[in-house]
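These notes are about the structure you will find just below.
Please treat every number below as a calculation from the coordinates, not as lab data. From a predicted model like this one, the values you see are computed outputs, not experimental measurements. Note that each Cβ is placed from the backbone with ideal geometry, even for glycine, and that neighbours are counted across all protein chains shown.
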Amino acid sequence: MLARNAVTALSGFVRAATKAERTSLSVDRALPSAVGRAHYQVTAEIAGGPFAGRHALVVRGEGETTDRFALASADEFAIRRVAFRTGLTTPEPLWLEPSGNVLGKPFMILRHAAGTTDAAALQSALSVEEGDRLAYRVGQELARLHRIAIDRAPAEIAFLPKPGAEWALQRATAWRAALDATAQPQPCFEWAINWFEDHAPKVERFALVHRDLRLGNFVADGEKLVGILDFEQVAWCDPMEDLGWLAARGGRHGLPEREAGGIGSREALYDGYRAVAGHEVDDRRVRFWEIAAALRHGIASLQRAARPGGDAEQGLEAALTGLQSLEAEYDLLLEIEHYGAEGA
Amino acid sequence: MALLQTTADELLQRAIETLRARILPHAAGTPDHEAALAALRALAIAHAELASDPAIIGREVAEIEALLGQSFQGDAVAAKRALAQAVRVRSLPSDGPGEVRLRDHLLKATANRLRLTNPKYMTRRQRRAESSY
């Protein structure tokens, strides 16, 4: 939990940000997060100023990552503001502390979204029908996010790199560099990277893509979608990448038959997407991105194993995560063969 | 013949049984539960690796030697590194029987390891492949 002096500093920051006379802040609980990231649910009592009252908030610090695609807090905050303004169901981003002078690292404060992000709890709570309704809602939200197109990008997210015609080669190059940084040679992933490069579709319309929306990165209260979370992987991409990432086998946890991210059916996800986007989902392209998701997930597992960090428990967790790359390899080998057979 | 009266295999098996019977039930619902499960899983993987067929590595090296037309004199890491490099620079056939042989090798090599780390994963996938994608 946060030390007392950190809570005092945080309370002072909220007082200044809200132009309040007084603030009292208490930490309710630590929220699930990656190693090294401050992530807390807090309650703020604010006296005076435009935010006077009691507020359930979330403090989200910048994480420790070697992922070259991960955004810094300030950039993620700007994207969250654009997404919220567009009408996406996501906790309102309130204030940003970009300097690191208050908690030692930059952080943002968001409104708290009540519900659960726990994959197992959510999966066990949802009937098949409820799961389908939640998958439908997730599809709708993705289509809403994808309305933000690269050619009409709001000025405050102009920092996002614009992909060119060589976008697939750039990803392949980054993955190869990631493999070079791991200890063991990886012929299967090398083979899959070649496949990715050879089969990448031409992207006619780049849109704002979440790139990490799956169980654990949205809040739900039963079948009700309460908020999309975690925007640090957002980039201009093929919109179908989000559907592929969500539907990829590696993200379905214990319910692989629920093809929409272990939540509901693929059909429900596609229906929800179509209802907002106004056009059909390109299933073949989603399948391509499912394979790319296995590749990305597998390489990320190897990267995690390569930096065990922390204590013995974290070292063990890193080692076991590294071994999950074998599941991604197996998925790649079977699904690439199936993809080829379907396209023949 | 093992140096110790009780073999590494037996010791690991007993550690797994003890952890499962005596530690896990008490850890349920506590912050230690995930850690205990992870430790149990690690021991089970180590146990499976000890019990695995030692000839597997030799067979894999032989397959790579056949694919690359080069001898590695039993050095599995050098063989795997050379294969990874050959795939990266696309010096192996990208279609036809050569490509099938490469894919078969990759599938076997992955399955050999997955059988140790998560054997249920392959079973579940195979069962599912009979009905759908």
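Details
- Within the listed set A:ARG304, A:ARG252, A:ARG205, the residue fluctuating most in the Gaussian network model of chain A (springs between alpha-carbon atoms under 10 angstrom) is A:ARG205.
- Peptide B:83-91, shielding by other chains (average Cβ, 10 Å cutoff): 5
- Full extension of the chain segment joining A:ASN5 with A:VAL128 gains 39.6 nm, where the gain is 0.36 nm per residue of separation less the Cα-Cα distance.
- Two-site FRET efficiency, A:VAL27 against B:ARG103, from Cβ-Cβ distance with R₀ of 60 Å, rounded to 0.05: 0.70
- Once the Cα atoms are used to define both axes, helix B:8-18 deviates from the longest principal axis of chain B by about 50 degrees.
- For region A:119-343, the gyration tensor built on C-alpha atoms gives a rounded shape. Its axis ratio a/c (a ≥ b ≥ c) stays under 1.5.
- Spin-label pair B:ALA46/A:ARG147, simplified geometry with 7 Å Cα→Cβ offset, distance in nm: 5.5 nm
- Between 0 and 90°, nearest 10: helix A:283-306 axis offset from chain A longest Cα axis: 70 degrees
- Around A:ARG133: net Lys/Arg minus Asp/Glu count, Cβ-Cβ under 15 Å: -4
- Straight-line cross-link reach from A:LYS19 at under 24 Å between alpha-carbon atoms covers these lysines, not counting any fewer than eight positions away in the same chain: A:LYS105.
- Legend: calculated FRET efficiency, A:GLN41 to B:ARG22, from the Cβ-Cβ distance at R0 = 35 Å, rounded to 0.05, equals 0.50.
- Cα gyration tensor shape for region B:8-51, rounded if a/c is under 1.5, else prolate or oblate: oblate
- Chain A: most fluctuating residue of A:GLN303, A:GLN314, A:GLN324 per GNM, C-alpha cutoff 10 Å: A:GLN314
- FRET efficiency estimate (nearest 0.05) - Cβ-Cβ, A:LYS162 to A:ALA344, R0 35 angstrom: 0.50
- Extension gain (nm, one decimal) between A:ALA174 and A:GLU267, 0.36 nm per residue minus Cα-Cα: 30.2 nm
- Only lysines eight or more places from B:LYS80 in sequence, or on another chain, were considered; those with a Cα closer than 29 Å are B:LYS108, B:LYS120.
- Averaged over the residues of A:13-22, the number of partner chain Cβ atoms lying within 10 Å of the residue Cβ comes to 0.
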